[in-house]
């Protein structure tokens, strides 16, 4: 074999090796979780999120690029009853092929583990019923990881508070009564409250406030945190959430003042009569 033939053979082998490496790299990239369509936030459909009293309390998922996930069911207020957040969980996901997924979930505080299967089609994730888990269909929503983390941490505080209340009470009935009394702010030694404040539904008040500030937006939930409530649309972002506080027969809510360019500016207070707000 002459020198030309040897050099040609060497170059052909080198070219073949380079092509093989490129093909292997492309194969790895296509199977990487970062390229998977499941990555992002999902919200459980209202049909699968009903509580015993008819409230809609949806769960939220966030599937990360690295194969890990977060899940929580945020707190809501409904008909003068506060539903605390629960099922704060971490987990992992793995693609099985044909848009099917293995989903492993473990709750942070109650220790429950769930081995689930899911199928994704047109941004809708269907999770069939499994041991300890009811069937649900989740829709992909536009929510950043930062916004989800804020909601996740808020739900964590809510679940911890609820678990502490149950543990420190002699019975679940006493704990429920205590939470009800706290929510209604009934105190025989304090100032008398009007009929409007006693019958006021935080959910109804929050929706009335939201319709005034954002007439074209649809309310997703009204949640309580401390002595304030927070009403928001489906995105639960800082600039789409309105805090409000019920004070006797009036309610105060906060919005972004004119000229304020901060993302979460809520520095202009508005106080109105509950009767006027609800049109009573």
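The values are calculated or read from the model by the stated rules, or taken from the named source; none is laboratory data. Since we're looking at a predicted model, the values are computed, not measured. Positions of Cβ are backbone-derived with ideal geometry, glycine not excepted, and every protein chain shown enters the neighbour counts.
Values computed for the structure shown
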| quantity | calculated |
| --- | --- |
| Single match in 90, 83, 78 (criterion: within 16 Å of the chain's Cα centre (by Cα) and either buried (at least 20 other Cβ atoms within 10 Å of the Cβ) or within 22 Å of residue 202 (Cα to Cα) (or both)) | 83 |
| Pairs where the first residue, in segment 147-165, is under 14 Å from residue 89 (Cβ atoms) and the second is modelled with pLDDT under 80, C-beta under 7 Å, 6+ apart | 151/236 |
| Subset of segment 51-75 (residues that are part of a strand (DSSP E or B) and surrounded by 15 or more Cβ atoms within 10 Å (Cβ to Cβ)) | 56, 60, 61, 62, 63, 69, 70, 71, 72, 73 |
| Unique match (being modelled with pLDDT of 85 or more and touching a helix residue (DSSP H, G or I) at 6+ places or on another chain (Cβ under 8 Å)) among 253, 235 | 253 |
| Selected residue (only one of 63, 82 is touching a strand residue (DSSP E or B) at 6+ places or on another chain (Cβ under 6 Å), farther than 27 Å from residue 227 by Cα and either at pLDDT below 90 or outside the structural domain of residue 221 (by TED's automatic domain parsing) (or both)) | 63 |
| Test: residue in segment 184-195 that is closer than 18 Å to residue 78 by Cβ, at pLDDT below 85 and surrounded by 14 or more Cβ atoms within 10 Å (Cβ to Cβ) | yes |
